1. Quick check on my filter: what residues within segment 24-71 are part of a loop (DSSP other than H, G, I, E, B) and hydrophobic (A, V, I, L, M, F, W, C)?
2. Looking for whichever is exposed (fewer than 15 other Cβ atoms within 10 Å of the Cβ) and within 12 Å of the chain's Cα centre (by Cα) here; the options are I75, I64, I94, I43. Which one fits?
3. Quick one: in segment 97-109, which of the residues that are within 18 Å of A45 (Cα to Cα) and over 12 Å from the mean Cα position of the chain (by Cα) is surrounded by the most Cβ atoms within 10 Å (Cβ to Cβ)?
Amino acid sequence: MKVKFTIFLSLLLISNIIYGQEEYAEIGYVIIYSGKNYEASLIVAKEASEKLDYKIDLREQQEIPRGRFNNGNYISIEASSDYEGFSKGYYIVIISSKHKDDESLKPDLLFAKKFYKDAYIKTSKVYLGCMH
């Protein structure tokens, strides 16, 4: 039984790869700042933590885009090159990430705009499948 199940899962994975049906989700991000200098981004992140009362999770500059399994309201600094459809070469300060259809992204943006008038929402596809 275990062998049959393993074969089934392998065939399912292969068919998803062949037919391009990999598992992706559209994630929305509330961004309050982007810049080319990490230290400047860190200053904004620390300031935002105090103003918004959100914790900072720098995620040790992981190369996996935020939003895979760690959505929510917290502050992180991300490399824009890790996100599909984002301009390359920037550090972005994100205060919220949720599925793009999550209605709570809009209130998060309105809250951010009280302190950061240029805050905006941008979406990107994030791979949710198996990572080796």
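The values are calculated or read from the model by the stated rules, or taken from the named source; none is laboratory data. Small disclaimer: the values here were computed from a predicted structure and weren't measured. Please note: Cβ atoms are built from the backbone with ideal geometry, for glycine as well, and neighbour counts cover all protein chains shown.
1. L58, I64, F69
2. After applying the criteria, what remains is I64.
3. Across segment 97-109, the extreme among qualifying residues is D108.
Let's see how each residue does on (1) modelled with pLDDT of 95 or more; (2) of a type in the set (D, E, K, R):
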| site | (1), (2) |
| --- | --- |
| A45 | yes, no |
| P65 | no, no |
| Y91 | yes, no |
| K113 | yes, yes |
